[in-house]
Amino acid sequence: MVGLTARAAAIADPVIWHDVECSAYEADLALWRELASAAGGPVLELGCGTGRVALDLAARGHDVTALDSEPALLGALASRARARQLRIEAVVADARSFELAERDYALVLGPMQVTQLMGGRDGRDALLSSARAHLRAGGTLALALADPLEGVPAEEADPPLPDVRERDGWVFSSLPMAVHPEPGAIRIDRLRQAVSPDGKLEETMASIRLDAVTPEELETAAARLGMRVRPRRTVEPVGDYVGSVVVILEAP
Ligand SMILES: C[S@@+](CC[C@H](N)C(=O)[O-])C[C@H]1O[C@@H](n2cnc3c(N)ncnc32)[C@H](O)[C@@H]1O
């Protein structure tokens, strides 16, 4: 029998929910691979989580540094890299204030909604400055922006399917329940459920707040820092995943 403590630990484990909610997403990988190959030098991923992108790029021979503010997620990334015999430098730091010894990155990436988790304009500006300080001249900064309110009107949309994952006899499911516009942000509420191997259900609500920011706003802020704005790229929506616009900036 699985005790209450183990069930409480499972429902609170950030690695599990990161994997459930992010790890199956693949629509953007072709773009990061293309940018990393074109950059021809070391790559820094901001907000890498458990390594969905960092592991993929390292497996393709790129020299990858992976940075996240959540130590548990980086711990999972590091052990996955070891299991696959991949060398990734994992750094616990805030994307708004990091200072790394290496300052010659050819490419800095912010996949998924990382840029929208910086707590508003000041945080985003701080991310832009920190990233710029670590890029070589001519290096590329590529930041994805997603709009969870894009697409078909709510009354025409099918209800979303939950993200589901099984691990060691446990079944974890995360279902988006509501998307609320808030001042300067969009809040997404998810119902997270964990069913233990003996069939006991534990559940909790989790909210994530994404800053509402347009590609134009991000490009204007980057241009103020002297970065050159390059043509944007897009990642198409697939299944229940919204698409994104990827802002491409070049360090002077
Ligand atoms: C949506 S996940 C994306 C994970 C990964 N980039 C991917 O595409 O699979 C957002 C990540 O950003 C990290 N994050 C949020 N705020 C951060 C900050 N201020 N500094 C560094 N990482 C941050 C979170 O811990 C989380 O791992």
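The values are calculated or read from the model by the stated rules, or taken from the named source; none is laboratory data. A quick note: this is a predicted structure, and the numbers were derived from the prediction, not measured. Glycine gets a Cβ as well: all are built from the backbone with ideal geometry, and neighbour counts include every protein chain shown.
Here are some notes:
- Checked against the criteria, G41 counts as surrounded by fewer than 20 Cβ atoms within 10 Å (Cβ to Cβ) and in a loop (DSSP other than H, G, I, E, B).
- Pick from the range 99-111, criterion over 17 Å from the mean Cα position of the chain (by Cα) and assigned to a loop (DSSP other than H, G, I, E, B), ranking: surrounded by the fewest Cβ atoms within 10 Å (Cβ to Cβ): A101
- Qualifying residue in the range 33-47 (condition: within 12 Å of the ligand (Cβ to nearest atom), closer than 20 Å to M118 by Cβ, without any contact (Cβ under 8 Å) to a residue 60 or more places away in the chain and in contact with a strand residue (DSSP E or B) (Cβ under 9 Å, 6 or more places away or on another chain)): no
Okay, residues lined up against (1) surrounded by 13 or more Cβ atoms within 10 Å (Cβ to Cβ); (2) outside any strand (DSSP E or B):
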| position | (1), (2) |
| --- | --- |
| E166 | no, no |
| S174 | yes, no |
| A178 | no, no |
| E217 | yes, yes |
| V245 | yes, no |
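- Residue check: G61 meets all listed conditions (1) within 14 Å of the ligand (Cβ to nearest atom); (2) free of Cβ contacts under 8 Å to residues at least 40 places away in the same chain; (3) not in a helix (DSSP H, G or I) but one, namely (1).
- Search result, residues across the range 79-94 that are away from the ligand (no atom under 14 Å from the Cβ) and either in a helix (DSSP H, G or I) or buried (at least 22 other Cβ atoms within 10 Å of the Cβ) (or both): S79, A81, R82, A83
- The one condition in (1) in contact (Cβ under 8 Å) with a residue 24 or more places away in the chain; (2) surrounded by fewer than 21 Cβ atoms within 10 Å (Cβ to Cβ); (3) part of a loop (DSSP other than H, G, I, E, B) that R136 fails to fulfil: (3)
- Taking the range 48-61 as the range and being in contact with a strand residue (DSSP E or B) (Cβ under 8 Å, 6 or more places away or on another chain) and either surrounded by fewer than 22 Cβ atoms within 10 Å (Cβ to Cβ) or under 13 Å from R84 (Cβ atoms) (or both) as the test, the residues that pass are G51, A54, L55, L57, A58.
- Boolean, S97 is under 30 Å from E202 (Cβ atoms), assigned by TED's automatic domain parsing to the domain that holds S23 and not aliphatic (A, V, I, L, M): no
- Candidates are the residues of the range 1-32 that are assigned to a loop (DSSP other than H, G, I, E, B) and at pLDDT below 95; the one that is farthest from the ligand (Cβ to nearest atom) is M1.
- Selection within the range 48-58 - within 9 Å of the ligand (Cβ to nearest atom) and part of a helix (DSSP H, G or I): R52, V53, A54
- In the range 141-158 there is at least one residue matching the filter, namely being touching a residue at least 40 places away in the same chain (Cβ under 8 Å) and over 20 Å from the mean Cα position of the chain (by Cα).
- Close pairs from the range 178-205: first on the phi > 0 side of the Ramachandran plot, partner part of a strand (DSSP E or B) and buried (at least 18 other Cβ atoms within 10 Å of the Cβ), Cβ under 7 Å, at least 6 apart: G184/D211
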